[in-house]
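Read-outs: derived from the displayed coordinates by stated rules, not from any lab. All values derive from a computational prediction rather than experimental measurement. Every residue, glycine as well, gets a Cβ built from its backbone with ideal geometry; the counts of neighbours run over all protein chains shown.
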Amino acid sequence: MLPGTGLVGIATSKKLGGKPQRNHVKRQIREIVRPFVAQSNPEWDFIVLVSERASNASFAEIQADIRQLFETSPWTPVEKSESS
């Protein structure tokens, strides 16, 4: 297997909404994952699959879900938050 380059791929479905809505969610997710990816192995790539419920979720809800994902993941060195 070839090493990655530290990139993040974000996949959305048309079920999420129109192109502006999908791009808005992608921009939010890109900002949320940026610090987590910076703390991870730079040879890893990440793929984020966005579900339909993200279209109705607030930025804080999406952020909490992604933080939980990275905190529970055994391969990402993310410090546990005090509020968890």
message: I'd like to know if segment 34-42 contains one or more residues that are among the aliphatic types (A, V, I, L, M) and in contact with a Leu (Cβ under 7 Å, 6 or more places away or on another chain).
response: no
task: Would you be able to tell me the number of residues in segment 12-61 that are over 18 Å from Ser73 (Cβ atoms), within 13 Å of the chain's Cα centre (by Cα) and aliphatic (A, V, I, L, M)?
output: 3
query: Hey, does segment 14-35 have a residue that's touching a helix residue (DSSP H, G or I) at 6+ places or on another chain (Cβ under 7 Å) and assigned to a loop (DSSP other than H, G, I, E, B)?
result: yes
message: Being among the basic types (Lys, Arg) and over 15 Å from Gln63 (Cβ atoms) is true for just one of Lys19, Lys26. Which residue is that?
response: Lys19
- prompt: Inside segment 38-56, can you point out the residues that are under 14 Å from Gly6 (Cβ atoms), part of a helix (DSSP H, G or I) and either aromatic (Phe, Trp, Tyr) or in contact with an Asp or Glu (Cβ under 9 Å, 6 or more places away or on another chain) (or both)?
  reply: Gln39
